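In what follows, a structure is listed as structure tokens, so that the remarks can point back to it.
Please treat every number below as a calculation from the coordinates, not as lab data. Quick caveat: nothing in here was measured; it's all calculated off a predicted structure. Neighbour counts run over all protein chains shown; Cβ positions are idealised from the backbone, glycine included.
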Amino acid sequence: MRQHVCTATADGSWSFKGTLVNNTDKNRVFTVAIAVTAGPAVAGHTIITKTVAAGQSAEIAAPNFAKTKDSAGTCKPVVSVEDAP
């Protein structure tokens, strides 16, 4: 994944976007788990699963998937990849 950003508005609404890149010669399935934490608490999370054709890229987005009391928090994406069936 490249060019990923996770942002919060002043009222604490979190959104994520990024680009999945498959630079192999096989179709791949990407699973992206995104979580927002505020201190020790998880404020919200989402999972995006997307198949990307060989040599291609794909945009992904998760608008307003988490809510905190303000824009404070930490957003972490984790990506896993496997061959498409």
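Histogrammed with a bin width of 10 Å, the alpha carbon distances of the chain distribute as 19, 45, 24, 11, 1 percent, first bin at zero.
Pairs of Lys residues in the chain are counted when their Cα atoms are under 26 angstrom apart and they lie 8 or more places apart or on different chains; the count is 9. Computed over neighbours whose Cβ is under 11 Å from that of residue 50, the net charge equals 0, Lys and Arg +1, Asp and Glu -1.
Give me the dipole magnitude in Debye, nearest 20, for the chain about the Cα centre, with unit charges on the beta carbon: positive for Lys and Arg, negative for Asp and Glu.
Charge dipole, the chain, about its Cα centre: 60 debye, nearest 20.
Any idea how far apart residue 33 and residue 45 come out in nm if each label point goes 7 Å out from Cα toward Cβ? Distance between label points: 0.5 nm. Roughly how many Å is it from the Cα centre of the stretch 3-21 to that of the stretch 64-85, as a whole number? The stretch 3-21 and the stretch 64-85 have Cα centres spaced 8 Å from each other.
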